Structures are given as structure tokens and as C-alpha cells.
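The values are calculated or read from the model by the stated rules, or taken from the named source; none is laboratory data. In this text, all values refer to a predicted model and were calculated from it rather than measured experimentally. Because the Cβ atoms are built from the backbone with ideal geometry, glycine has one as well, and the counts that use them run over all protein chains shown.
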Amino acid sequence: MGDENVITENLGIGGWFGDTAEGGASAICQTVCSPCMLCVAIILVFYGEYNYVKDMNNIYTINEDMVDSVTSYETANDGLPVAFFTNSITSTDITDPDFGNKVEDAIGVLRKGYMRIASVSTRTSNNQKITECKTTWSSGTGTRGTNTACSPGGSQSLAYNDKNFRGPCDTGGCDADLTGSFTADGFSVDDAFLIDDYTGRTTASVPSTSTWNGTWSQWITTGTGAADTKWFDCGTFLANNYRSTHSSSCGSNGYTSSSGGERYDQSVTWEVYGIPSDGLTICSKQEAGGTFAALKSNGNYDIMIKGKKTQADCIEIMQDEATATVWMFRIIGFILFWCAFCMLFSIVSFLADRVGQLIPCGIGQGLEDMIQCAITIVTCPPACACWLFWFALAWLVFRPLIGGLVFVVSICLFGGMYYLYQQTKDPEKDGKVNAEMGGTQNLYEQQQNDAAPAPQQQQQQQQQGGFMNNMMNQANQYVNASPWAANQQPQQAPPQMNTGMQDLNNDGIPDQYQNNLPPNFAAAVDQSSNRVYWINYNTNPPSSQWNDPRGVVGPPPTGY
């Protein structure tokens, strides 16, 4: 039976429509389920923060009550957390009840079994259905089924993953946790929660089968009396090739994920956690009689680690693990938020896939990949924003002091950014106006000299033309003046102040240019040109302009 096989089928028009209907239904389902994914993400974020606050509170009380530098059992410490160190460990032998091999001087042993099973995957590309069957190592027997791709040459539909593990393993797997026990300085340790913690923090060794004792050798000689249960000694593991030849299959080892062997080959390895030469430390609750119990009932904080550790070391490990756990929830929560937003675009992704299937030469696949990439990029910012909102809200709920400050600061930050954005939109243009006004002052003085008569000429014209002529000149000057913008120059000169005009408030500016101004406007005189301009205090910073903000001609000048 071949280890790997690939079958390609042309779907045709009917297959394309059938695949389209199936894919469309899946896309609609994903779109509808995206709010559920958002809810799951919110729950994970909240649970992670809740669990972190609970862990930190528990660790605080443990630290307050813990007795440091304990080296032997003392009744005065019963019921209290202790940091116990020992280098005098006497362990019992651990015997595998199934295979019969005995391991000495070990705290714990893990038996790991593997079978090489079939893995079937199906994908669609260029309106072709591609079914692939390949073998891989697994700790279980895999999902059973039938498929043509899993037969030699793809000629017939055969069953796959229809074999069990060989005895003495269970039919569905061969893993086992063999917990040991030891005594040290008045303490007796056989607690699974401590030994499992130790095996999780320690690198195991895989000893040679020559160091084993017990009755395990029967499985490599006669099995249980039937030839098909015979195992082979491979130096550090046992192997069974599950084939009728029953030849040695030591080249196929699932523990090292080797590529050798064929389907249904099996291997069993024993990981041994021995007694550390530099001693070990236990941070747990001491019980009467020299035993240990869990520090807290609502969390796992007990530690058994090799080497000498202090109370501070144990507390630091607990805090680091609590931090790692909450960050795991945060990252998973963010990924779920992102996936949920991507699922909202499932219809778009589905349409891209359907259209891409009709375009040959890989162009359709490239187009589909581009759209998928665009969806991923577009959905990232809203996913980040949503995650940040619920993360801040979770802090506000579970850590009000810190969370409240963070929430207020974040709101003020976003509000300040929005305010600055609104305030800098128009003033930026006004800044250009003021800069150009200052930079072109000499140009305006020249234009004013060209456009407006000299004071002596103006006085002669007023005397010759009389009151009505002067008033008409002033009106034409205001009406024909163009607004002073950043990209243009005034077509008419700004009004020139006449010292003979009425000035009741004695501020040096004729009342004609100050009466009936809009709110927050003020008139002023440019000393270099003796021309009137207006200041607009409604903008921030204030801006200036040559044109009259009233839009009408003021009262006629007096004093002529």
C-alpha cells in the first residue's frame, strides 16, 4: 500500500456549479456566525483579565503566608505554604504495568506511543478537485474512512486508518503517565499535581533498554503467544511494523518523527525524569505528617523544580506564569476578533474564489490571493480597535483603579487628537495667509501707491468733488475689493485711514471702521501703510483680513 498518493479530478460545469453552491452556503454561514465569533472573543478577553486578577490576588496571599528556607518537616509549618529544598531524595522504582519494564531512581515516567496513519486532504484549484493521501505519525489511530486516493495507484476505494494499536497497548493509543514517589527529610511525595509539574519543567532522558529491569523482554520474543503482537528492541524504544513479514522496523520511530516505515507502523518510547543531582525545591502547602496539598483550590500555583530556589524565586515563577497565561488569552482574543471581521467578508472571498477558478494559467489563483490579502489587511485595523476597546473595558471592570485611569487617559488621548485635528484644519490655511501677508507687504505698499492717490491728492479730490464724490469713492473701494486669499492678491487697495474722520473713543481708528462689526472682529491700522484691516478672533490663532467683514459700506467719513 503506497504511503502517498494524489488524485486530480476535473469538475466540469456541473462540478463547478455544485462546488459553487456548497461554497456559497459555507460563506453565508460564516458571515452569519461572525457575531458569535466576536462574542467568543469578548468572553475570552474578559475571562483572561478576570483570571489574571484572581491569580495575582492568590499569589499575593501565598507570598504573605509562605515560610522560606524550609529544609525538613516541622509541625509548626502545617497548613502553611513553604519553600522546601532537599538534596536527600530516595525514590521508588517505577514499573510499567503493561509492558513490565522497571525504571530505577526516577520521579516520573511518561510512556509515548505512535502509529503511522493516513491523512486525507481535499482542495479545489482551477476547477479541479485534488485529493491527497499521505502518512504521518500520530498518538492516536486517526479518523477512519474510505478513499480512492489511499489505495495503491488510486485504482480502488480502500479503507484507511482501520487498524488498532498492538497489545499490550490500548486499542486507541499507548500513552501512559507513570507517577512515581519519593521521600526526603521527613516529607513523603507521591502527589500527581507536584510530579506532573516537575515533569513539565524538566527535560527528560530516554535511557537504553539495557538499563531496564522487569519482564518486558517477553514482548520482543514471543509477544503474548501470537506472532502479530511481537515487538522489536530498538535500543531506546520498542517497534512493531504491523506487517505480515514481522521483520524488524527499528528504522521507523514516531518519537523522533522519522520518515521511515509504512502505514500502521508503531513505536513506543519511555521518557524518564530522574532524581536531580543538584536537589529540588517544592513550593506548596505543607500538611500534617509531611505531605503536601494544593496551595489554592481555584488555581494551580504549586511548584516542584530542580535546584535550590527561594520564596522570592517561586513567587516570581508564579507571577511569570500568570502573565504568560493572560497574554495567551489576549493574543487568542485578538486573533478571534480578526477572524470574525474576516468572516464578514466571506461572501467577497467566495466570489473571488469562484471567479478565480474560471481564469486559467494561475492568473485566477493570483487574483484570489490578492483579494484574500486585501481582506486581511482591511480587517486588521477594526479588529485592533475592537480588541483595544474591550481590553480597556475589561481592565475597567476587573482593575478599576488602574483600568479607570487607562480608560480615561485613552479617551482623553483620542479626544485630544480629534480636537487638534479639527483646530488645525482651517488655521493651517490662515497661517499661510498671514505668512503671505507679511512676505508681500512691500508689494502691497507699491500697489496701494499705484491704486490710491497720495494724501495731498486725495484731499484735493475731496475738496473738488465735495462730500458725495468722496463717499462714492469710498463705496467703490469697498465693493470692488476682492477677498484676500492664500493664492491671490487684492484687486483693490485696502481702505486708507483719514485722520479727519470721527474717532469718539480716541483709539486712533475712525469709528466708521469699527461700528456694527460681527462678533469677535476688531479694526486695526497697519502703521507702515496707514491702511485699515480687520482681525478675526473667531479663529485659533486669530487671523487678519483686508476686506470689510460687514460686507457693506460704513458711514461716510466726516471732518472734510
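For residue 121, the criteria (1) surrounded by 19 or more Cβ atoms within 10 Å (Cβ to Cβ); (2) under 40 Å from the mean Cα position of the chain (by Cα); (3) over 30 Å from residue 76 (Cβ atoms) hold in every case but one, which is (1). The numbered conditions (1) part of a strand (DSSP E or B); (2) over 36 Å from the mean Cα position of the chain (by Cα) are all true for residue 99 except (1). Per the conditions (1) under 30 Å from residue 284 (Cα atoms); (2) exposed (fewer than 13 other Cβ atoms within 10 Å of the Cβ); (3) in contact with a helix residue (DSSP H, G or I) (Cβ under 9 Å, 6 or more places away or on another chain), the sole criterion not satisfied by residue 366 is (1). When you scan region 121-137, do you find a residue that is farther than 30 Å from residue 292 by Cα and at pLDDT 90 or above, even just one? Scanning region 121-137 turns up at least one residue that is farther than 30 Å from residue 292 by Cα and at pLDDT 90 or above. Apart from one condition, residue 70 fits all of (1) β-branched (Val, Ile, Thr); (2) closer than 20 Å to residue 294 by Cβ; (3) out of contact with any Phe, Trp or Tyr (no Cβ under 8 Å at 6 or more places or on another chain); (4) surrounded by 15 or more Cβ atoms within 10 Å (Cβ to Cβ); the exception is (3).
For every residue, the table says whether it meets (1) of a type outside the set (A, V, I, L, M, F, W, C); (2) on the phi < 0 side of the Ramachandran plot; (3) crowded, with 17+ Cβ neighbours inside 10 Å; (4) in contact with a strand residue (DSSP E or B) (Cβ under 8 Å, 6 or more places away or on another chain).
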| position | (1), (2), (3), (4) |
| --- | --- |
| 292 | no, yes, yes, yes |
| 325 | yes, yes, no, no |
| 328 | no, yes, no, no |
| 338 | no, yes, yes, no |
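Count of region 143-167 residues, restricted to those that are buried (at least 19 other Cβ atoms within 10 Å of the Cβ) and under 24 Å from residue 253 (Cβ atoms), is 5. Each residue in region 527-560 was checked for being in contact with a Pro (Cβ under 8 Å, 6 or more places away or on another chain), at pLDDT 85 or above and either closer than 30 Å to residue 419 by Cα or of a type outside the set (Val, Ile, Thr) (or both), and 16 of them qualify. The set of residues in region 37-66 being within 23 Å of residue 291 (Cβ to Cβ) and in contact (Cβ under 8 Å) with a residue 40 or more places away in the chain consists of 58, 59, 62, 63, 66.
Consider region 263-287 and keep the residues that are in a loop (DSSP other than H, G, I, E, B) and of a type outside the set (Phe, Trp, Tyr). The one that is surrounded by the most Cβ atoms within 10 Å (Cβ to Cβ) is 265.
With the structure loaded, tell me whether residue 62 is surrounded by 18 or more Cβ atoms within 10 Å (Cβ to Cβ) and within 28 Å of residue 315 (Cα to Cα) or whether it fails that test.
Answer is yes for this residue.
With respect to (1) in contact with a strand residue (DSSP E or B) (Cβ under 8 Å, 6 or more places away or on another chain); (2) at pLDDT 75 or above, the lone exception for residue 143 is condition (1).
Let's see how each residue does on (1) of a type in the set (Lys, Arg); (2) within 60 Å of the chain's Cα centre (by Cα); (3) part of a strand (DSSP E or B):
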{"residue": "504", "(1), (2), (3)": "no, no, no"}
{"residue": "516", "(1), (2), (3)": "no, no, no"}
{"residue": "522", "(1), (2), (3)": "no, yes, yes"}
{"residue": "528", "(1), (2), (3)": "no, no, no"}
{"residue": "539", "(1), (2), (3)": "no, yes, no"}
{"residue": "551", "(1), (2), (3)": "no, yes, no"}
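All conditions in (1) in contact (Cβ under 8 Å) with a residue 24 or more places away in the chain; (2) in contact with a Lys or Arg (Cβ under 8 Å, 6 or more places away or on another chain); (3) over 18 Å from residue 229 (Cα atoms) hold for residue 159, with the sole exception of (1). Listed conditions (1) outside any helix (DSSP H, G or I); (2) over 30 Å from residue 288 (Cβ atoms); (3) modelled with pLDDT of 90 or more are all met by residue 188, apart from (2). Any idea which of 260, 254 is within 30 Å of residue 220 (Cα to Cα) and either surrounded by fewer than 18 Cβ atoms within 10 Å (Cβ to Cβ) or of a type in the set (A, V, I, L, M) (or both)? Result of the check over 260, 254: 260.
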